[in-house]
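Engineer: I have a structure here, written as structure tokens, and I will follow up with some questions on it.
The values are calculated or read from the model by the stated rules, or taken from the named source; none is laboratory data. This one's a predicted model, so the numbers in the text were calculated from it and none came from an experiment. Glycine also receives a Cβ, built like all others from the backbone with ideal geometry; neighbour counts cover every protein chain displayed. Note: accessible area is taken over every heavy atom of the protein model, side chains too, but ligands, DNA and RNA are not part of it. Shrake-Rupley method; radii C 1.70, N 1.55, O 1.52, S 1.80 Å.
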Amino acid sequence: MSRFTLTRPRRAALLATLSAAALTASGLVFAGAADAGTTLGASAAEKGRYFGAAIAGGRLGDSTYTRILRTEFNSVTAENEMKWDATEPQQGQFNYTNGDRILNEGLSNGSKVRGHALLWHNQEPQWARSMEGSALRNAAINHVTQVATHYKGKIHSWDVVNEAFADGGSGGRRDSNLQRTGNDWIEAAFRAARNADPGAKLCYNDYNTDGINAKSTGIYNMVRDFKSRGVPIDCVGFQSHLGTTIDSTYQANLQRFADLGVDVQITELDVAQGGNQANIYAAVTRACLAVSRCTGITVWGIRDTDSWRTGENPLLFDGSGNKKAAYTAVLNALNAGGTTTPPTTPPTTPPSTPTTPPPSGSCSATVTLNSWNGGFVANVRVNAGSSALNGWTIRVTLPSGSAVTSTWSATASGSSGTVNFRNVDYNRQIPAGGNTEFGFQGTGAGPTATPVCTAG
């Protein structure tokens, strides 16, 4: 029960007022904070979290839909309006009308807004589906840059890449035209998003990762690698489209990702109708509250009739907008779940250069290629020797007829023949024995000779 549900009205009013004042002072005030403990969003806000819903612009004219949205939730996610096919229906021609409608609905209600999703193979616009190689890579990175720039400063968390890992027991990447541009395409997307909107949390989002399994482990390994190399990733989203059971390692899985130094978020929660629905919803809520870096929960829709899971009645409100037993179970779990507060860590940013730079030592470089007929992506690893590096330049010799078309995490001098790649500010310094990576894409054949590294 909510601690604000008391038999003494004056005491209840006083407690609610004090709670709202405390939330305002801490900067965590959301819509409905004065009624803390009586709605999903307000109760989550007491714990320093959000409880949100994915919404569709086409339903915002429904008074029952908007009443529940504005009363119960303190975060919104666009179901489709911010995806690639919606925001860039023709190459280079951007349309933000529907995405802005979702944004404005959330902001006008005092809610956080999650961005979903910058790159996803399944909702590419038709013009991108037929692209490959450098043309697709350039188009994808441009899309990330343009959309993240448009919403700069207004989005709390972006699902930068969605569903890039394969189902089954391999734990590997899903085959897609994006993946075929090079295994570093996810990294390149995250770096582009960070450059475009340094204040947004950057997330990787996927499904069938609701326990410790091959797929979630593959993602875990990617996140661990990204963190070790300074790739800007701040959070991992777990969709949690659940059936009639919940994996026994659900909470442990969230915790192992949090232990890598990233936030975790439940991003698309829905649970099939059945005798165990309320219990599963409550278990997910308790698991999030138990993991200090679990910053919030989003349900994928509001009423059962709004759900993509037709006939499964998987949400917290029935088709008429009435609260279900699952709603009560979630609210009770939120109110009983303690006050563990996620750490208020900002998005990961590249390290700044110290006033007194360390001396530079020797260095070396290696290159790996992903090639196709007419193009390639090169990933270059820069290795420091026994002394730290403070700046580096990599000289790459390209075969005759080849040319560099785009570069990330470095600046290029020239585009053909001998090309010099120099560090950018955030990867200038490499500790002794450490390494960093940059990449470039090109036409023709990729380089075969070992790159030459010069320190300083």
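Engineer: Being of a type outside the set (D, E, K, R), surrounded by fewer than 16 Cβ atoms within 10 Å (Cβ to Cβ) and in contact (Cβ under 8 Å) with a residue 24 or more places away in the chain: is that true of Ala378 here?
Structural biologist: Working: of a type outside the set (D, E, K, R): yes; surrounded by fewer than 16 Cβ atoms within 10 Å (Cβ to Cβ): no; in contact (Cβ under 8 Å) with a residue 24 or more places away in the chain: yes.
Against the criterion (of a type outside the set (D, E, K, R), surrounded by fewer than 16 Cβ atoms within 10 Å (Cβ to Cβ) and in contact (Cβ under 8 Å) with a residue 24 or more places away in the chain), Ala378 does not qualify.
Engineer: Condition first: in a helix (DSSP H, G or I) and either touching a Ser or Thr at 6+ places or on another chain (Cβ under 7 Å) or open to solvent by 40 Å² or more (accessible area, probe 1.4 Å) (or both). Now tell me which residues in the stretch 128-140 satisfy that.
Structural biologist: Within the stretch 128-140, Arg129, Gly133, Ser134, Ala135, Leu136, Arg137, Asn138 meet the criteria.
Engineer: Also, I was wondering about something else. Just for the stretch 403-432: of the residues that are β-branched (Val, Ile, Thr) and under 16 Å from Gly446 (Cα atoms), which one is least open to solvent (accessible area, probe 1.4 Å)?
Structural biologist: In the first step, residues of the stretch 403-432 are kept if they are β-branched (Val, Ile, Thr); the result is 404-405, 407, 411, 418-419, 424, 430.
Subsequent filtering for residues that are under 16 Å from Gly446 (Cα atoms) retains 404-405, 407, 418-419.
On the way: Val404: 22, Thr405: 65, Thr407: 47, Thr418: 77, Val419: 0 Å².
This residue is Val419.
Engineer: Out of all the residues in the stretch 292-307, is one or more open to solvent by 10 Å² or more (accessible area, probe 1.4 Å) and of a type in the set (A, V, I, L, M)?
Structural biologist: no
Engineer: Check whether at least one residue in the stretch 143-153 is without any contact (Cβ under 8 Å) to a residue 40 or more places away in the chain and under 25 Å from Gly199 (Cβ atoms), and report yes or no.
Structural biologist: There is no residue in the stretch 143-153 that is without any contact (Cβ under 8 Å) to a residue 40 or more places away in the chain and under 25 Å from Gly199 (Cβ atoms).
Engineer: Could you tell me whether Gly230 is open to solvent by 10 Å² or more (accessible area, probe 1.4 Å) and either at pLDDT 95 or above or out of contact with any helix residue (DSSP H, G or I) (no Cβ under 6 Å at 6 or more places or on another chain) (or both)?
Structural biologist: So Gly230 passes the test.
Engineer: While we're here: Run down Thr181, Thr209 and say which single residue is open to solvent by less than 20 Å² (accessible area, probe 1.4 Å) and in contact with an Asp or Glu (Cβ under 8 Å, 6 or more places away or on another chain).
Structural biologist: Working: Thr209 fails: in contact with an Asp or Glu (Cβ under 8 Å, 6 or more places away or on another chain).
After applying the criteria, what remains is Thr181.
Engineer: Same structure again: Kindly check whether there is at least one residue in the stretch 158-170 that is free of Cβ contacts under 8 Å to residues at least 40 places away in the same chain and more than 18 Å from the chain's Cα centre (by Cα).
Structural biologist: Checking the stretch 158-170: not a single residue is free of Cβ contacts under 8 Å to residues at least 40 places away in the same chain and more than 18 Å from the chain's Cα centre (by Cα).
Engineer: Quick check on Gln255: is it surrounded by fewer than 18 Cβ atoms within 10 Å (Cβ to Cβ) and either modelled with pLDDT of 95 or more or hydroxyl-bearing (Ser, Thr, Tyr) (or both)?
Structural biologist: yes
Engineer: Run down Thr340, Thr353 and say which single residue is farther than 30 Å from Asn177 by Cα, in contact with a Leu (Cβ under 7 Å, 6 or more places away or on another chain), at pLDDT below 80 and part of a loop (DSSP other than H, G, I, E, B).
Structural biologist: Only one candidate qualifies: Thr340.
Engineer: Please enumerate the residues belonging to the stretch 214-224 that are touching an Asp or Glu at 6+ places or on another chain (Cβ under 9 Å) and open to solvent by 50 Å² or more (accessible area, probe 1.4 Å).
Structural biologist: Matches in the stretch 214-224: none.
Engineer: Taking the stretch 77-87 only, how many residues are β-branched (Val, Ile, Thr) and within 13 Å of Asn98 (Cβ to Cβ)?
Structural biologist: Qualifying residue count for the region: 1.
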